[in-house]
Amino acid sequence: MRKGTHMIGVRPRRHYGRLAVWLMLAVILPAAGLAWGAGQLEYDADPIRYTTTPANDPIARLQQQMAQGRVKLKFDSQHGYLLSVLQQLKIPTSSQMLVFSKTSFQHDLISPETPRALYFNAQTYIGWVQGGSVLEVATVDPQLGAVFYVLPQVESGSPKFVRQTYECLQCHDSGMAGNVPGLMMRSVYPDRTGRPLLTQGTYVTTDQSPLRERWGGWYVTGKHGNQAHMGNMVARSETAPEETNWGSGGNVTDLKRLVDASPYLMKTSDIVALMVSEHQTHTQDLITRANYETRRAMKYQQDLNKELGRPADAEWESVRSRIQSVGEPLLQALLFSGEAPLTEPITGTSGYAEQFSVLGPHDRQGRTLYALDLRHRLFRYPCSYLIYSEAFDGLPAPMKDYLYRRLLEVLNGKDRTPPFAHLTDPDRQAILEILQQTKPDFAAWQAKQAPALLVLTGRGHLHPLCLPS
């Protein structure tokens, strides 16, 4: 780094010491892998069977296409298979985020001078390290949650993604990821080499985290006014990192004075991409947790009914309570409950915001849940686009039923409790209309509940809305 510069259920912003945000996408130190057996992982038992169930995720499907000869990855001398993989998975290069903390198993190659590049879309995350032996891959399977792979960076006529399990789960199966195979973003105090000063503590970061606690160990490009963050900085002192002026690395639109970005696909580490990924990783973990716990609860109910000679579909209050206990945190995450407000506008530098905002299905008025706000909050309509994801669609029926019932209670104004007080009446009406027109199974679920439902008008009054049968 040049003179004069410095350098991801579970409660959001769970505090692990005094700190704040690094994304752990990588395979974590395979050479130091613990001698875990499949029987020692709770989710290797029925009904999850994480390590023995064949994955059905974007990487598994891409590998199948490659094996059938329908897709051939291209290799180049500078980035290996990176660009070809991004193109096949439709991951935009504008999503590039540069992390210089040594938080990958390829940590020896990572420093403030040679940060790791991360790229992502709604399902998959790709990590690239200069001179690295593999691409690091994390993706989301609808039933398994986060699944991890590496792709050797050696030119081959038949490249192959290799699934990782226990090595990655040493970090990716923890309270920070909701005790499921998951993803996380965190912030650290990095020293001048990029080594995280973990004894000083960290925060897990979500959309609820104040900006002042985000992006320690990351490069950040973008404008954000007087809102301070920890990016673009290193600790001046290993024993007293709080003495560093962590907010002085803000509003950087050009990385030239910080790092040579020419080896990377982009010369940016976009602030909007960072913010979207923080919401996404946390919410994806909650979806996985809701899936796991509902399937476990239903198996428990099934086994209990069989043991007691009760009808197979007999319901137990304890099972409904278990579903609620994981469904409610997910509902709140989907509706951005507790989101940290923005006090000044956010502007990215890579074009990511403009590309992201036009994604996804649009309703008849042209509205989409992908639309960004970036003035007062992250999204224009505070309901997560992950409601369209394969992982959400793959939730067990009892969980989907719970979430849709609660969504309707919130969006029609029946539930105005504190977790949802941030939703204005126009917000509720817009989200409900968007979902009705762009989420067919939600509309179908509503139609089965009653021939007509009450929704909010623009003035906060209720009127009946006739739904298609």
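Some points to look at:
Residues are listed down the side, and each one gets a yes or a no for (1) in the same structural domain as His282 (by TED's automatic domain parsing); (2) β-branched (Val, Ile, Thr); (3) modelled with pLDDT under 95; (4) buried (at least 18 other Cβ atoms within 10 Å of the Cβ):
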| residue | (1), (2), (3), (4) |
| --- | --- |
| Leu335 | yes, no, no, yes |
| Thr347 | yes, yes, no, no |
| Tyr352 | yes, no, no, yes |
| Val358 | yes, yes, yes, no |
| Gln365 | yes, no, no, no |
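- Criterion applied to Arg70, Arg61 was being in the same structural domain as Val99 (by TED's automatic domain parsing), at pLDDT 50 or above, loosely packed, with under 12 Cβ neighbours inside 10 Å and out of contact with any strand residue (DSSP E or B) (no Cβ under 9 Å at 6 or more places or on another chain), and the one residue passing it is Arg70.
- Scope the stretch 160-201; condition surrounded by 18 or more Cβ atoms within 10 Å (Cβ to Cβ), modelled with pLDDT under 80 and β-branched (Val, Ile, Thr); matching residues: Thr165
- Counted residues, the stretch 78-129 - those being charged (D, E, K, R), surrounded by fewer than 24 Cβ atoms within 10 Å (Cβ to Cβ) and at pLDDT 95 or above: 2
- Here Ser237 passes the criteria (1) exposed (fewer than 15 other Cβ atoms within 10 Å of the Cβ); (2) small (Gly, Ala, Ser); (3) in the same structural domain as Ser209 (by TED's automatic domain parsing); (4) part of a helix (DSSP H, G or I) except the one numbered (4).
- Residue match in the stretch 364-387 (condition: of a type in the set (Gly, Ala, Ser) and touching an Asp or Glu at 6+ places or on another chain (Cβ under 8 Å)): no
- Some residue of the stretch 388-395 being assigned to a loop (DSSP other than H, G, I, E, B), more than 17 Å from Glu278 (Cβ to Cβ) and in contact with a strand residue (DSSP E or B) (Cβ under 8 Å, 6 or more places away or on another chain): no
- Only one of Gln123, Gln153, Gln130, Gln106 that is in contact with a helix residue (DSSP H, G or I) (Cβ under 7 Å, 6 or more places away or on another chain) and over 30 Å from Ala45 (Cβ atoms): Gln130
- Out of Gln301, Gln332, sole residue that is under 25 Å from Asp427 (Cβ atoms) and in a helix (DSSP H, G or I): Gln332
The values are calculated or read from the model by the stated rules, or taken from the named source; none is laboratory data. No experiment lies behind these values; they were computed from the predicted model shown. Don't worry about glycine lacking a Cβ; one is built from the backbone with ideal geometry, like all the others, and counts go over all protein chains shown.
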